[in-house]
1. Any idea which of 236, 189, 230, 241 is loosely packed, with under 14 Cβ neighbours inside 10 Å, in the same structural domain as residue 277 (by TED's automatic domain parsing) and of a type in the set (A, V, I, L, M, F, W, C)?
2. Consider residue 124 against the criteria (1) over 28 Å from residue 27 (Cβ atoms); (2) free of Cβ contacts under 8 Å to residues at least 40 places away in the same chain; (3) buried (at least 21 other Cβ atoms within 10 Å of the Cβ): it satisfies all of them except one. Which criterion is unmet?
3. How many residues does region 127-145 contain that are of a type outside the set (A, V, I, L, M), under 17 Å from residue 95 (Cα atoms) and either in contact (Cβ under 8 Å) with a residue 24 or more places away in the chain or in a strand (DSSP E or B) (or both)?
4. Pairs under 7 Å by beta carbon, first residue surrounded by fewer than 17 Cβ atoms within 10 Å (Cβ to Cβ) in region 270-287, partner at pLDDT 95 or above and assigned to a loop (DSSP other than H, G, I, E, B), six or more apart or different chains?
5. Taking residue 189 as meeting all but one of (1) out of contact with any Leu (no Cβ under 9 Å at 6 or more places or on another chain); (2) assigned to a loop (DSSP other than H, G, I, E, B), write down the number of the exception.
6. crowded, with 22+ Cβ neighbours inside 10 Å, at pLDDT 95 or above and either farther than 23 Å from residue 224 by Cα or small (Gly, Ala, Ser) (or both): which single residue out of 71, 106 fits that description?
7. Do you know which of the residues in region 157-184 that are part of a helix (DSSP H, G or I) and without any contact (Cβ under 8 Å) to a residue 12 or more places away in the chain is nearest to residue 12 (Cα to Cα)?
Amino acid sequence: MKIIFMGTPDFAVPCLDMLVKEGHEVCLVVTQPDKPKGRGKKMLFPPVKEKAIEYGIEVFQPVKVKEEEAVEKLRSYNADIIVVVAFGQILPESILNMPKYGCVNVHGSLLPKYRGAAPIQWSVINGDTKTGVTTMYMEKGLDTGDMLLKAEFDISDEDTYGTVHDKMCVMGADVLKETLVKIENGTIVREKQDDALSNYAPMISKETGHIDWNKTSFEIINLIRGLDPVPAAWTVYNGEVLKIWKAVKFECDNSTAKCGEIAYITKKGFVVKTGDGFVLVTEIQARGGKRMATDAYMRGHAVEKGIVLE
């Protein structure tokens, strides 16, 4: 099929790869504008742009794809279908209704669960044991279109946002491949979403990662997992931000400790009181430092029992 591909981050790259390798005619790649990153504010290409250049595909980077000039540019390609994977802009109806086979989206959750910007992170933060990918026809609402195909997998206790993301983007390419075959041969089956089963997965911000030590150990550990590798869960120790990369439940007895208080120091790390127990923090990152095992950090820095993390 003749395809316009719209996507921006790493998550979308395997889908673009698959389209090219399967022999589809990807006539245009639409992605977000380049953005400055790092201390030097160097302009970096979105990952999808890098892959498109590698394949010699034309790239279009509109600031607002809904503007008439951008819409008309897309229309000029007369594509059979538009494939959207983590593009990052809302498409107007003028684009949604444009191609012969409509616009198909690869979404990182088992819809109707987790509509919105950050479905992968929230599935881990909320302690889900299963997740997956859904392809769907796009419509005006936020991830409300008819579902097409799904694939699921288990989330283990050791999984993080990063590991789930990496599994999911590969699975997304496989599901998209099958979806396009069925659309082209007329065997695809559409399924309406049940709005009553939906959850909103809002965008993740830095503040999302601020640990509330009054919450349960389970909730805190899952927050840490769900924000690894970005943007990271964090707390404040003696006025300094401390990123927390890993924590595990810890069994002990200290009924006088306050929530957030460092109740014990062990060889592997420090133990913090939570709303229903304790966690042992085993991997951290101090401001300006590197991510490291807590025991290694404590060999060069004092961590005091009795300090209450904020």
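The values are calculated or read from the model by the stated rules, or taken from the named source; none is laboratory data. None of these values were measured; they are calculated from a predicted model. FYI the Cβ positions are ideal-geometry reconstructions off the backbone, even for glycines, and counts take in every protein chain you see.
1. Exactly one residue qualifies, and that residue is 230.
2. Of (1) over 28 Å from residue 27 (Cβ atoms); (2) free of Cβ contacts under 8 Å to residues at least 40 places away in the same chain; (3) buried (at least 21 other Cβ atoms within 10 Å of the Cβ), only one is false for residue 124: (2).
3. 6
4. What qualifies is 275/214; 275/215; 275/216; 275/259; 276/216.
5. (1)
6. Just a single option satisfies the conditions, and that option is 106.
7. Taking the candidates together, the pick is 166.
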